[in-house]
Amino acid sequence: MESSLGDRLASLLGGSVVLPIDDLEIDELIPQAIVRPTERIQISELLLWASSEHVSVLPKGGGTRLNLGNVPRKADVVLDLGAFDRLIDYQPADMTATVEAGMTLATLQDRLAPGGEFAPLESAQPRRSTIGGILSVGAGGPLSYTYGLPREWLIGLSILGTNGISTKSGGKVVKNVTGYDLNKLYTGSMGTLGVILEASFKLLPIDPQNGMLFASFPSLSNSVTASRKLIHSGSAPAGCLSATSGVTRRLQDSTLAASQDLGLGEPETALLFAFYSGRSQATRRRLEEAAAMLIAEGATAVQRIEGPAAKSTLRWITDVPTQVNEDSALVIKISVPSNSTPRTSAECGDVALFGEKPEQIADPGFGSIRLFWPKYGDIQSFHSMEPQPIIDTIQNVRETAQSYGGSAVVEQCPITVKSQIDVWGDYPDSLAIMQNIKYRFDPNSILNPGRFLGGI
């Protein structure tokens with residue numbers, strides 16, 4: 001009788017490397033085996049063997065975005081990189097750091113803090129989100145308007161390819177790239193081109209003062225319009241978000257906001273969040289000027305938070321999309337030119353699914369909007385929803401985004417829908433080039449097969 005895949009991997013890599021599968025699923029696919037290597041040679045041997053045997057390998061970090069992307073064609077082996085969690089090199093004077101891919105973002109920031117520096121990366125659930133996972137999905141957050149995405153701060157990578165060979169791109173200095181910029185190619189590639197082992201980043205000094213403004217508005221449209229004016233003023237924040245009442249009510253009900261009355265009793269009330277950081281005196285002045293400006297733009301109430309509480313609140317705002325996802329039948333992330341955010345938000349806000357309009361989180365500075373349509377009924381009814389109304393809703397949103405020069409990615413939907421669409425959207429003219437790149441890096445298509453754009 002043929003041995004199981006887990007037994008074959010135990011023989012190849014060592015029994016301690018193979019983990020119990022437990023309840024891990026990827027788009028309702030149960031992997032045949034989970035491995036957690038402790039040495040690079042084990043990953044190299046795994047990739048060489050898997051490529052020769054046409055066994056799929058799905059790299060995994062903290063598992064926070066495990067179901068992002070299309071349904072995989074196969075889910076044979078999950079490669080857990082959690083054991084690779086060392087800070088390889090940190091040079092405070094040079095403001096650079098090199099870290100293994102399995103370290104969480106929170107751990108990295110904790111390790112850098114004594115040197116007075118931080119990595120300008122953002123991700124929900126930072127105590128679970130790993131550096132490799134953040135780079136693989138190109139994750140951002142509320143401060144993307146100021147900091148940009150992870151690729152802006154990445155200066156070097158160490159990668160293991162499906163041939164079992166380790167390669168490096170970039171390095172540990174800010175300007176060192178000649179030839180093609182492979183760092184940007186790997187970032188956001190969903191682990192389809194190679195396994196990230198190490199990453200080097202530029203760092204920034206920790207600001208001495210942080211502050212946050214909450215402003216209540218009669219509607220999301222009012223909030224987004226005020227946000228646009230604020231980010232183009234002399235009191236521009238590092239990040240600014242607008243959210244509908246269904247999202248912000250979670251904050252109102254939390255212990256974080258227990259002492260604050262933000263006027264969320266009205267069903268249509270929306271909130272604007274503006275985060276500030278910098279030198280103490282300048283930050284306080286900007287907070288005062290911004291508060292006055294928001295009142296002048298129609299805010300019904302403005303609350304101000306300073307110091308550590310402001311950073312804690314920013315953490316909540318970054319995490320809240322994952323919390324709202326749990327209660328959503330459909331989640332779509334739209335990217336449009338920033339000046340089109342108000343119109344796109346208004347039009348998409350009227351797209352109903354099963355009679356329900358979406359809750360929203362809009363970033364008017366970065367041009368991103370998340371739409372959340374709630375589930376109805378119990379879990380059974382959620383999984384048995386008719387796919388066509390959801391598919392039609394997705395198409396309506398995509399047409400709206402495209403009309404403003406943008407795009408829309410489906411972050412969450414029932415598996416019956418996901419199996420019928422490409423969650424990344426319409427194929428670009430460059431798809432053939434991307435397919436050729438995939439073939440050169442992964443000729444047997446073993447890394448996350450089918451999960452990226454166009455089934456790459």
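Derivation of every value follows stated rules applied to the coordinates shown; laboratory data play no part. Values in this document were obtained by computation on a predicted structure and should not be read as measured data. When we count neighbours, we look across all protein chains shown, and the Cβ atoms used for this are built from the backbone with ideal geometry, even at glycine.
Where only DSSP H runs of four or more residues are counted, the chain gives -9500 deg cm²/dmol as its mean residue ellipticity at 222 nm, each run worth -39500 (n - 2.57).
Taking the longest Cα principal axis of the chain as reference, the axis of helix 431-441 is set at about 50 degrees.
For region 392-398, backbone phi angles converted through the Karplus equation (6.51, -1.76, 1.60; θ = phi - 60°) give residue-by-residue couplings of 5, 4, 4, 5, 4, 5, 5 Hz, Gly and Pro being listed as x.
For the pair GLN109 and GLU356, what calculated FRET efficiency results from E = 1/(1 + (r/R0)^6), where r is the Cβ-Cβ distance and R0 = 45 Å, to the nearest 0.05?
Values: r = 38 Å, r/R0 = 0.84.
Given R0 = 45 Å and the Cβ-Cβ separation, E is 0.75.
The calculated FRET efficiency for ASN163 paired with LYS311, based on their beta-carbon distance and R0 = 51 Å, is about 0.70. Over 30 Å between Cα atoms: which of LYS357/LYS418; LYS184/LYS229; LYS184/LYS375; LYS74/LYS333; LYS168/LYS311 fall into that group? Flagged as over cut-off: LYS184/LYS229; LYS184/LYS375; LYS168/LYS311.
Find out how many positive minus negative residues lie around ARG304, taking Lys and Arg as positive, Asp and Glu as negative, among other residues whose Cβ is under 13 Å from that of ARG304. Working shown, then result.
Values: positive: ARG284, ARG285, ARG286; negative: GLU288, GLU289, GLU306.
Residues close to ARG304 contribute a combined charge of 0.
Taking Cβ atoms as reference points and 15 Å as the exclusive limit, the residues near LEU371 contribute a net charge of -3, counting Lys and Arg as +1 and Asp and Glu as -1. Summing +1 for each Lys or Arg and -1 for each Asp or Glu, what net charge is found among the other residues whose Cβ lies under 15 Å from the Cβ of ASP426? Charge balance near ASP426 sits at -2.
FRET efficiency for the SER11 to ALA83 pair, using the beta carbon distance and R₀ = 25 Å, is estimated at 0.80.
Derived scalar couplings between HN and Hα for region 198-214 equal 9, 9, 10, 10, 6, 10, 10, x, 5, 6, x, 9, 10, x, 9, 10, 10 Hz in order, rounded to whole Hz, by the Karplus curve 6.51 cos²θ - 1.76 cosθ + 1.60 (θ = phi - 60°), x for Gly and Pro. Peptides 66-76, 159-169 ranked from most to least packed give 66-76, 159-169, packing being the mean of other C-beta atoms within 10 angstrom over each peptide's residues. Per-peptide packing, taken as the mean over residues of other Cβ atoms within 10 Å, places 32-38, 54-60 in the sequence 54-60, 32-38 from highest down. Taking a straight line from the alpha carbon of LYS202, these aspartates and glutamates sit under 20 Å away, with near neighbours fewer than eight places off in the same chain left out: ASP85, ASP89, ASP94, GLU100, ASP110, GLU117, GLU122, GLU152, ASP181. Applied to region 274-290, the Karplus parametrisation 6.51 cos²θ - 1.76 cosθ + 1.60 on θ = phi - 60° returns per-residue 3J(HN,Hα) values of 10, 10, 10, 7, x, 5, 4, 5, 5, 5, 5, 5, 5, 4, 5, 5, 5 Hz, with x for Gly and Pro. When semi-axes √(5λ) of the Cα gyration tensor in Å is calculated for this entry, the matching label among [x] 32, 31, 27; [y] 38, 28, 19; [z] 32, 28, 19 is [y]. Annotation: amide H-H contacts under 5 Å for ALA329 (H modelled 1.01 Å from N, sequence separation of 5 or more, or interchain): TRP373, LYS375. For GLY239, enumerate residues with amide H under 5 Å from its amide H, sequence gap 5+ or separate chain, H modeled in the peptide plane. Here the answer is PHE275, since their amide H atoms fall under 5 Å of that of GLY239.
Using mean Cβ contacts within 10 Å as the protection proxy, how do 11-24, 270-283 order, highest first? Mind dumping the intermediate values first?
Working: 11-24: 13.8, 270-283: 20.6.
The most tightly packed comes first, giving 270-283, 11-24.
Listed by Cβ neighbour count within 10 Å, with the fewest neighbours leading, LYS229, LYS418 appear as LYS229, LYS418.
Once the Cα-Cα distance is subtracted from the 0.36 nm per residue extended length, the TYR439 to LEU19 segment shows a gain of 148.2 nm.
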